[in-house]
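The values are calculated or read from the model by the stated rules, or taken from the named source; none is laboratory data. What you are looking at is a predicted structure, and each value in this text was computed from that prediction instead of being measured. Positions of Cβ are backbone-derived with ideal geometry, glycine not excepted, and every protein chain shown enters the neighbour counts. All accessible areas refer to the heavy atoms of the entire protein, side chains included, with ligands and DNA or RNA removed. Shrake-Rupley method; radii C 1.70, N 1.55, O 1.52, S 1.80 Å.
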Amino acid sequence: MKGKAKLEPKKEIEEQKKYIEKVEEINKKEAPKYSILTMGCQQNENDSEKICGMIEQMGYEKATNQEEIDLAVINTCCVRENAEDRLFGKLGELKKLKEKRGTIVAIGGCMMQEKHITKKIKESYPFVDLIFGTHTLHRFPEDLFKVLEEKNKLTDILDIDGKVYEGLPIKRESKVKASVTIMNGCNNFCSYCIVPYVRGRERSRAPKDIILEVEDLAKQGYKEITLLGQNVNSYLRVERENNIPFEEYQGVHSFATLLEAINKIEGIERIRFVSPHPKDFTDDVIEAIANCKKVCKLVHLPLQAGSTKILKSMNRKYTKEDYLNLVQKMKNKIPNLTLSTDIIVGFPGETEEDLEETLDVVKKVKFEQVYMFIYSRRVGTPGDKMENQIPEEIKHKHFNRLKELVESQISENNQKYVGTIQEVLVEGVSKNNKNTLTGRTDSNKVVIFEGNINELINKVVKIKIVSEHMWYLKGEVVNG
Ligand code: SAH
Ligand code: SF4
Ligand code: F3S
């Protein structure tokens, strides 16, 4: 079956709730077990939380070991090539499980929006039961019901942009921190990037739906909210520019006003957002960050490259100077601002000199954290058609030079924390040492310390930092 847009969002969700009940009825006797593998970004993780919400309402329980899985879901990413190798490796494993116990295999997410991938799955992995895309996630209950009832293979993909669906159940990973998607899609078409092709055009959620969701999270005890979108600072821009009507709620009509409204919600202590685009970083957003106490003063500001020539061919729409000026302006207006970033090395045409420009920005800005990527050719993007591709060994050489610089900066940067008192949101017991607790600073640094979990969990606590260890800081609770 090929998917097609059928109903208006509200009706569609009502319809899906009926399918949830139908599958629940099938599962009534004994709760089957499910697993989910999430391969992508925070938005992909948030989608997985929605998939889990639907699955658990349909009567499934999370599997505790591989052997008992009745439904295996993979939520894919395709932003870089390694994701494909990982998926096909995983499918090899699931094939054995399918043969052994008839496990239902469902694959969704961004990679499923790529035709050459779904074609390959159908040809080489015919045991896969259900393929669904980014625009049809909300139809998972109906699709799963059909697979269970009709025992057919199903592909439910939409090539056109999906609508904004509200009211899906959600099973959140954490009880302290919650992600809230504020917009879907991307209109920027950076020339290396597949996201606009697999997530469709930008469309924002209504202010009221976002505010009500955050208010509800606050009531449930959540302390930290991360607002998600591929380009969060263009929230509602398409609507404003094209006179598409939308309903203002609590004065929200832009990203800056959204931050201000969420800042007022009682119970929420921290607000983060990923990712903004430097070209859309307007003054009202800078002011909102400065004025809103709860908005963390760590801003993720993707650089991608430091060379103006490369930025131009990446279609980023800013120069090296624009970026540095923006950083300066932000630092002037936002006290204690720290920055993190994304950088790609090895984009077509990148020379030694271009790399030097990137290293120069890294030296000047002194990022809190740098997420580094080796350029990966993506089918269908302008970058893939460029003739001056860089050989793999040069890409790796460039990567290692950047990595060296970044790592030397991290330990230097960590030093500045030692001896300071930080406000830490306590998240739980640390994974590697059950006798210690873990939490994060406003600037998102992991802090490990001793304390009583029952007293401190989900609270913002003052911690004195005593030492730094590259990827985390050690501290002591400050009493009184
Ligand atoms: N919309 C966000 C995130 C996009 S994907 C943003 O603009 O910041 C996350 C990161 O993956 C990007 O910031 C970029 O650094 C990296 N990335 C995207 N496409 C890539 C590619 N083809 N090769 C390597 N890295 C890529
Ligand atoms: Fe990709 Fe650029 Fe859109 Fe980010 S802004 S999702 S990097 S096209
Ligand atoms: Fe990957 Fe899709 Fe996110 S391609 S990075 S999961 S938007």
> Given (1) within 16 Å of ligand 1 (Cβ to nearest atom); (2) part of a helix (DSSP H, G or I); (3) at pLDDT 95 or above, where does E260 come up short, assuming only one miss?
Replying inline: (1)
> Which ones in segment 186-235 are of a type in the set (A, V, I, L, M) and over 23 Å from Y375 (Cα atoms)?
Replying inline: A206, I210, I211, L212, V214, L217, A218, I225, L227, L228, V232
> Using beta carbons and a limit of 6 Å, which pairs, at least six apart or on different chains, have the first residue in segment 45-68 and more than 14 Å from P32 (Cβ to Cβ) and the second one part of a loop (DSSP other than H, G, I, E, B) and aliphatic (A, V, I, L, M)?
Replying inline: E49/I170; K50/L168; K50/I170; G53/I170
> Which condition breaks for A72 when tested against (1) farther than 11 Å from Y34 by Cα; (2) more than 16 Å from ligand 1 (Cβ to nearest atom)?
Replying inline: (1)
>> Take the residues in segment 436-461 that are open to solvent by 30 Å² or more (accessible area, probe 1.4 Å) and among the basic types (K, R); name whichever of them is modelled with the lowest pLDDT.
In response: K459
>> Could you tell me how many of the residues in segment 154-196 are away from ligand 3 (no atom under 13 Å from the Cβ) and not in a loop (DSSP other than H, G, I, E, B)?
In response: 6
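Given the structure, is L258 in contact (Cβ under 8 Å) with a residue 60 or more places away in the chain, away from ligand 2 (no atom under 16 Å from the Cβ) and touching a helix residue (DSSP H, G or I) at 6+ places or on another chain (Cβ under 7 Å)?
On the way: in contact (Cβ under 8 Å) with a residue 60 or more places away in the chain: yes; away from ligand 2 (no atom under 16 Å from the Cβ): yes; touching a helix residue (DSSP H, G or I) at 6+ places or on another chain (Cβ under 7 Å): yes.
Yes, satisfied.
Quick one: in segment 294-307, which of the residues that are touching a Ser or Thr at 6+ places or on another chain (Cβ under 9 Å) and not in a strand (DSSP E or B) is farthest from V460 (Cα to Cα)?
Restricting attention to segment 294-307, the residues satisfying the condition of being touching a Ser or Thr at 6+ places or on another chain (Cβ under 9 Å) are 296-307.
Filter again for not in a strand (DSSP E or B), leaving 296-297, 301-303, 305-307.
Working: C296: 13, K297: 16, L301: 25, P302: 28, L303: 31, A305: 36, G306: 37, S307: 40 Å.
Here the answer is S307.
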>> So P245 ticks every box in (1) in a helix (DSSP H, G or I); (2) free of Cβ contacts under 8 Å to residues at least 60 places away in the same chain but one. Which box is left unticked?
In response: (1)
>> Considering only residues that are away from ligand 1 (no atom under 16 Å from the Cβ), crowded, with 19+ Cβ neighbours inside 10 Å and outside any strand (DSSP E or B), which ones fall in segment 214-230?
In response: V214, L217, Y222, K223
> Any chance segment 280-287 includes a residue that's at pLDDT 95 or above, open to solvent by less than 30 Å² (accessible area, probe 1.4 Å) and more than 21 Å from the chain's Cα centre (by Cα)?
Replying inline: yes
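Taking the stated definitions as given, is E213 more than 16 Å from ligand 3 (Cβ to nearest atom) and among the acidic types (D, E)?
Working: more than 16 Å from ligand 3 (Cβ to nearest atom): yes; among the acidic types (D, E): yes.
Spelling it out, E213 is indeed more than 16 Å from ligand 3 (Cβ to nearest atom) and among the acidic types (D, E).
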> So, in segment 83-131, of the ones that are out of contact with any strand residue (DSSP E or B) (no Cβ under 7 Å at 6 or more places or on another chain) and in contact (Cβ under 8 Å) with a residue 60 or more places away in the chain, which residue ends up surrounded by the most Cβ atoms within 10 Å (Cβ to Cβ)?
Replying inline: Q113
> Among the numbered criteria (1) under 30 Å from F347 (Cα atoms); (2) polar (S, T, N, Q); (3) out of contact with any strand residue (DSSP E or B) (no Cβ under 8 Å at 6 or more places or on another chain), which single criterion is violated by N184?
Replying inline: (3)
>> Name the residue that is farthest from V299 (Cα to Cα), counting only residues in segment 412-435 that are at pLDDT 95 or above and open to solvent by less than 50 Å² (accessible area, probe 1.4 Å).
In response: G419
> Condition test on N242, is it closer than 14 Å to E202 by Cα, among the polar types (S, T, N, Q) and away from ligand 1 (no atom under 16 Å from the Cβ)?
Replying inline: yes
> Of all residues in segment 308-353, which are within 16 Å of ligand 1 (Cβ to nearest atom), in a helix (DSSP H, G or I), open to solvent by 20 Å² or more (accessible area, probe 1.4 Å) and under 20 Å from K395 (Cβ atoms)?
Replying inline: S313
>> Which of the numbered conditions does Q369 fail, given that it passes all the others? Conditions: (1) more than 16 Å from ligand 2 (Cβ to nearest atom); (2) open to solvent by 60 Å² or more (accessible area, probe 1.4 Å); (3) free of Cβ contacts under 8 Å to residues at least 60 places away in the same chain.
In response: (3)
> Restricting the search to segment 48-85, which residues are within 14 Å of ligand 3 (Cβ to nearest atom) and not aliphatic (A, V, I, L, M)?
Replying inline: S48, E49, K50, N75, T76, C77, C78, R80, E81, N82, E84
> Of K403, K395, which residue is in contact with a Phe, Trp or Tyr (Cβ under 7 Å, 6 or more places away or on another chain), among the basic types (K, R) and assigned to a helix (DSSP H, G or I)?
Replying inline: K395
